[in-house]
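Enquirer: Let me give you the structure first, and then I'll get to my questions.
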Amino acid sequence: MPVLDILSAALSGPAGRVVEGPVRTIVTEVLQDHGYASPAEVQALRDELSGLRDESARAAADLVFLRAELDELRTTVQALQQAAAAAPAPAAPAPAAAPALSVEARRLGMSLAEYERWKAGGLPGRVGPDGYLEIEGQAFRVDATYAGRPYSLSRHKSPRVSIDGQVVERQPVR
């Protein structure tokens, strides 16, 4: 506020110190009567404008980034639409993995639920997926070609494993 500063400078001598406060009060009142802002109000307004300027710059940068992303998405969508228009009509979808599982389950004589349990970790009474089986709490391994087949135990001196009516060799798993 130049008027206030001029008056303050003129009264800055020894006598000015005595009258500076009352003069500052009078000048402030006159400025308020005429509708002018106080120095504190002007500074607050400057601070707010500076903050808004910074926010506006950040928003502009974000907008530029978002426009670039939107342009890239539009290009991708157009390419996909062109590819879909150029591609022949799709044939009936090929069967998913489930029918293949049911064929394998059927081959092993299992229901689909039994097959899933067997693949997940074995099924009691059947050779496991990797040729493992469990007898009386001990794990054994047989030829992996027997995977999924039912086995039976015959009790002699030591349990014997029979698969498809044949006694098979087993090795303990350590």
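Enquirer: Quick test of your reading of the structure: Met110 fulfils all but one of (1) part of a loop (DSSP other than H, G, I, E, B); (2) within 37 Å of the chain's Cα centre (by Cα). Name the failing condition by number.
Expert: So Met110 meets the others, but not (2).
Enquirer: Residue by residue through region 150-174, note down the ones that are surrounded by 15 or more Cβ atoms within 10 Å (Cβ to Cβ) and not in a strand (DSSP E or B).
Expert: Arg170
Enquirer: Ok, one more. Which condition breaks for Leu123 when tested against (1) closer than 22 Å to Ser158 by Cα; (2) assigned to a loop (DSSP other than H, G, I, E, B)?
Expert: (1) is the only condition that Leu123 fails.
Enquirer: Moving on to the next point. Please work out if Arg117 is at pLDDT 80 or above, among the basic types (Lys, Arg) and part of a helix (DSSP H, G or I).
Expert: For Arg117, the condition - at pLDDT 80 or above, among the basic types (Lys, Arg) and part of a helix (DSSP H, G or I) - is met.
Enquirer: Still on this model: Is it the case that some residue within region 69-87 is out of contact with any Phe, Trp or Tyr (no Cβ under 6 Å at 6 or more places or on another chain), part of a loop (DSSP other than H, G, I, E, B), exposed (fewer than 11 other Cβ atoms within 10 Å of the Cβ) and at pLDDT below 85?
Expert: Kept after step one, since they are out of contact with any Phe, Trp or Tyr (no Cβ under 6 Å at 6 or more places or on another chain), are these residues of region 69-87: 69-87.
Subset that is part of a loop (DSSP other than H, G, I, E, B): 87.
From what's left, exposed (fewer than 11 other Cβ atoms within 10 Å of the Cβ): 87.
Applying the additional criterion that residues be at pLDDT below 85 yields 87.
Yes - at least one qualifying residue is present in region 69-87.
Enquirer: Take region 126-149 and flag every residue that is in a strand (DSSP E or B) and touching a residue at least 24 places away in the same chain (Cβ under 8 Å).
Expert: Correct list: Arg126, Tyr132, Leu133, Ile135, Gln138, Ala139, Phe140, Arg141.
The values are calculated or read from the model by the stated rules, or taken from the named source; none is laboratory data. All of these numbers come straight from a predicted model, not from anything done at the bench. Neighbour counts run over all protein chains shown; Cβ positions are idealised from the backbone, glycine included.
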